[in-house]
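Okay, handing you the structure first.
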Amino acid sequence: MITLSGATRDFVVGEQTVHALNDVNLEVDAGEYIAIVGPSGSGKSTLLNAIGLLDRLSKGTYRLEDHDVTGLSNDELAQIRREKIGFVFQFFHLIPRLTAARNIELPLTLAGIDPAERASRVAAVLKDYGLADRSQHRPDQLSGGQRQRVAIARATVTRPRLLLADEPTGNLDRASGNEVVHILERLNDDGITLLMVTHDPDLANRARRKIRMVDGAIESDTQVTAR
């Protein structure tokens, strides 16, 4: 599903060039569940952003589902993100003035889905994630766990094949974090490819594969005992 070859991402800071990604080679099969770990500044989020087409490589190639996406235009990349990729972040990134239902509906609106289909899909994910009674609540009226469930619903309502989660439990208490992890794992069991950045070793060990990054490079890539 994913093939990175010689993936490099450089940033210029003052007079220095920082190699956030340094000649990364990576293959990910459809349906995998991968945890990406490593110290702060090791390139974890940069790797996730490159895979999610939120950032361009400085050098190297990226193939997604056997299509070279390295040199596509911004509009073409945006279309692929809308159709194939879902994102979950540590700080939710919900729109404060919109209700839970409207936040979830937004990517469907941007994708041009008709109103009846939008309403049906939003109602389904609200029910599936235990949020039906919170559909008209704004983010500031929801708990942290509920906000993250809304964020996951928004990320998956378009039915993506790839889900990228950057520290999805980092802003939650243990109980809410476990709830979120179980949702992500259920999505993976249903066939979605899941890549998750985490600092939590217990969470990383729940994945089926663990990639450790150091100084912008992959230090180790190991299979983990199935949960």
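What residue among 148, 16, 79 has the largest mean-square fluctuation in a Gaussian network model of the chain, using Cα springs under 10 Å?
Residue with maximal mean-square fluctuation among 148, 16, 79: 16.
Here's another thing I want to ask about it. Normalised by the residues of the chain, what does the relative contact order come to in percent, with Cα pairs under 8 Å and at least six apart? Each step should come with its number before you reach the end.
Details: 435 pairs, mean separation 66.6, N = 227.
It rounds to 29 percent for the chain.
With springs connecting C-alpha atoms under 10 Å apart, model the chain as a Gaussian network and identify which of 15, 27, 76 has the largest mean-square fluctuation.
Comparing 15, 27, 76 in the GNM, the peak value goes to 15.
Using just the helices of the chain, give the 222 nm mean residue ellipticity in deg cm²/dmol: DSSP H runs with n ≥ 4 each add -39,500 (n - 2.57), and the total is spread over all residues, rounded to 500. Could the numbers behind the result be given before it?
Numbers: 7 runs with 77 residues, N = 227.
Per the formula, -10500 deg cm²/dmol.
Continuing with the same structure: Work out the FRET efficiency for residue 120 and residue 30 from their Cβ-Cβ distance, taking R0 = 35 Å, and round it to the nearest 0.05. Please list the in-between numbers first.
Working: r = 26 Å, r/R0 = 0.75.
E(calc), rounded to 0.05, equals 0.85.
If you work out Rg/Rh (Cα atoms, Kirkwood Rh) from the coordinates, which of [x] 1.08; [y] 0.95; [z] 0.97 do you get?
[z]
Where Lys and Arg each count +1 and Asp and Glu each count -1, what net charge lies around residue 58 among other residues with Cβ under 13 Å from its Cβ?
Value of the local net charge: 0.
Here's a follow-up. Report the residue, chosen from 169, 156, 109, that carries the largest GNM mean-square fluctuation when the chain is represented by alpha-carbon nodes joined by springs under 10 Å.
109
Please list, ordered by chain and number, the residues whose modelled amide H lies under 5 Å from the amide H of residue 32; skip anything fewer than 5 residues away on the same chain.
For residue 32, whose amide H was placed from the backbone, the distant partners under 5 Å are 194.
Work out how much length residue 75 to residue 137 would gain on full extension: take 0.36 nm times their residue separation and subtract the Cα-Cα distance, in nm to one decimal.
Details: separation 62, 0.36 × 62 = 22.32 nm, distance 3.26 nm.
So the extension gain works out to 19.1 nm.
Under the Karplus relation 6.51 cos²θ - 1.76 cosθ + 1.60, θ = phi - 60°, what is the ordered set of whole-Hz ³J(HN,Hα) values for the stretch 107-114, x standing for Gly and Pro?
Whole-Hz 3J(HN,Hα) from phi for the stretch 107-114: x, 5, 4, 5, 7, x, 6, 5.
Now for a separate question. Toward the positive end of the charge dipole of the stretch 2-223, about the Cα centre and with charges on Cβ (Lys, Arg +1; Asp, Glu -1), which of 132, 6, 162 goes farthest?
The Cα lying farthest towards the positive end belongs to 132.
Please state the charge dipole magnitude for the chain, taken about the Cα centre, from unit charges on C-beta atoms (+1 on K and R, -1 on D and E), reported in debye and rounded to the nearest 20.
On the way: 28 positive and 31 negative charges, 142 e Å.
Here the chain has a charge dipole of around 680 debye.
On to the next question. List, in order, the whole-Hz ³J(HN,Hα) value for each residue of the stretch 151-166 obtained from phi through the Karplus relation with A = 6.51, B = -1.76, C = 1.60 and θ = phi - 60°; use x for Gly and Pro.
4, 5, 4, 4, 5, 10, 5, 7, 6, x, 9, 10, 10, 10, 10, 9
Bear in mind that the values in this text are calculations on the coordinates, not laboratory data. This one's a predicted model, so the numbers in the text were calculated from it and none came from an experiment. Note that we place each Cβ from the backbone using ideal geometry, even for glycine, and neighbour counts take in every protein chain shown.
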